[in-house]
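The values are calculated or read from the model by the stated rules, or taken from the named source; none is laboratory data. Being a predicted model, the structure only gives us computed values, none of them experimental. Note: ideal-geometry Cβ built from the backbone for every residue, glycine included; neighbour counts use all protein chains shown.
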Amino acid sequence: MKNWEERSVITANLLNPAFCGEVIRRTIASYNNNEDNEVFPFSLLFLILPIVLHKKTREHMPMRSSTYFHSWVEENEFLFIDFAERVRELNPFSKESMSFMLQHGAAEITEDGKITIRPYRKKTPRGENIDEIIEIYRKAELLGKWFRLTGNEQTIYMFLKIRP
């Protein structure tokens, strides 16, 4: 990762670890919010930002988790042509955001490679462009539910036609 001084303004604003960490945390919280006590697998961490922060992908996501993830990926196959490259490009930002959350005690990684988060109160974003931020947060929460409902992480990777 480049030092903050060397990053472009867009990269520093959109891909800063606090914002990306909140996107990741909302996905994990949504996944972990279930009666079966399923906990978010670490291997899915690297799929969150490439799906939720990619505007075209986010815009094509449904409003509810009642649509099957596999069906949605099939119907929107054009969104995933360069997905493996997107994951590679955002990998350092996912790692940096996870490190940020770990350092601030917002998340923990269990011995079996699952991610838990500490309870928190969601804050409503304020300022400019809040509509897009709210939409990103909603889609992050949808993605967490989707991942939990879809099955194990190998199945999700298979649907996306990539390997961990």
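Which residue, of 7, 26, is at pLDDT 90 or above, of a type in the set (Lys, Arg) and surrounded by 13 or more Cβ atoms within 10 Å (Cβ to Cβ)?
Just a single option satisfies the conditions, and that option is 26.
From the list 118, 25, 88, pick out the single residue that is closer than 22 Å to residue 164 by Cβ, in contact with a strand residue (DSSP E or B) (Cβ under 9 Å, 6 or more places away or on another chain) and among the basic types (Lys, Arg).
25
So is residue 53 buried (at least 19 other Cβ atoms within 10 Å of the Cβ) and not acidic (Asp, Glu) or not?
When the stated conditions are applied, residue 53 passes them.
Rundown of residues vs (1) among the hydrophobic types (A, V, I, L, M, F, W, C); (2) at pLDDT 95 or above, yes/no style:
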residue	(1), (2)
50	no, yes
61	yes, yes
72	yes, yes
84	yes, yes
89	no, no
101	yes, yes
105	no, no
125	no, no
133	yes, no
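Please return the ranges of helices (runs of 4 or more DSSP H) entirely within region 1-75 where 1 or more residues are in contact (Cβ under 8 Å) with a residue 60 or more places away in the chain.
Ranges flagged: 17-32, 45-52, 55-60, 69-75.
Is there a residue being among the aromatic types (Phe, Trp, Tyr) and assigned to a helix (DSSP H, G or I) anywhere in region 91-110?
yes
On the basis of being touching a helix residue (DSSP H, G or I) at 6+ places or on another chain (Cβ under 8 Å), part of a helix (DSSP H, G or I), at pLDDT below 95 and not basic (Lys, Arg), does residue 143 make the cut?
So residue 143 fails the test.
Taking the condition in contact (Cβ under 8 Å) with a residue 40 or more places away in the chain, touching a strand residue (DSSP E or B) at 6+ places or on another chain (Cβ under 7 Å) and surrounded by fewer than 13 Cβ atoms within 10 Å (Cβ to Cβ), does residue 110 pass?
Spelling it out, residue 110 is indeed in contact (Cβ under 8 Å) with a residue 40 or more places away in the chain, touching a strand residue (DSSP E or B) at 6+ places or on another chain (Cβ under 7 Å) and surrounded by fewer than 13 Cβ atoms within 10 Å (Cβ to Cβ).
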